[in-house]
Amino acid sequence: MADTGRVRIRLPSMIRPGEVIRVRTLIIHPMETVQRDKQGNIIRRSYEFIHAVMVTYNGKEVMRGETTQAVSQNPIFTFPLKVDRPGKLTVTFLDTTGKSYKETAEIKF
């Protein structure tokens, strides 16, 4: 998968100070637990999946979550965020192979 690790963040088009907004994130990731050959036979067990999500807003951690291998391929995570000032929102995903995938978005009023 060529885009593996690509992270997208979607914010509302209009944001007002003090508002609670809905942040949507997507990560392109295969979330593999097994690999199969063309006949469907298991070649090997692979545990490559996103296991942690961390969100910072202006350098302060505002959310942290853990997942299991039961999460679907290319998962979408949605969470509320109260925005009190403009700044940088950073979403970081960690997978079980030790890779880190990160994206930032600017919150503007």
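Quick note: the coordinates plus some simple rules give every number you see, no bench work behind them. Remember, predicted model here, so these are calculated numbers, not experimental data. Glycine also receives a Cβ, built like all others from the backbone with ideal geometry; neighbour counts cover every protein chain displayed.
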* To do: Take the alpha carbon gyration tensor of the chain, find the square roots of its eigenvalues, order them as a ≥ b ≥ c, and report rounded if a/c is under 1.5; if not, report prolate when a/b exceeds b/c, else oblate.
  => prolate
* Asked: So how much slack lies between E106 and I28, counting 0.36 nm per residue of separation and subtracting their Cα-Cα distance, in nm?
  -> 26.0 nm
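How much length is gained if the chain between K82 and D3 is pulled fully straight, taking 0.36 nm per residue apart and subtracting their Cα-Cα distance, in nm to one decimal?
On the way: separation 79, 0.36 × 79 = 28.44 nm, distance 3.06 nm.
Difference between extended and current length: 25.4 nm.
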* the chain - charge dipole about Cα centre, Lys and Arg +1 at Cβ, Asp and Glu -1, debye rounded to 20 -> 220 debye
* Which residue, chosen from V7, P17, P75, occupies the Cα position most advanced towards the positive end of the dipole of the chain, where the dipole is computed from +1 (Lys, Arg) and -1 (Asp, Glu) charges on Cβ about the Cα centre? -> P17
* Under 5 Å, built H, 5+ apart or other chain: amide partners of V62 -> V55, T56, Y57
* **Residue with peak Gaussian network fluctuation, the chain [Cα springs, cutoff 10 Å], from V34, V83, V62** => V34
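Calculate, for Q35 and S72, the FRET efficiency according to 1/(1 + (r/R0)^6) with r their C-beta to C-beta distance and R0 25 Å; round to the nearest 0.05. Can you show the working numbers first?
Values: r = 17 Å, r/R0 = 0.68.
It comes to 0.90.
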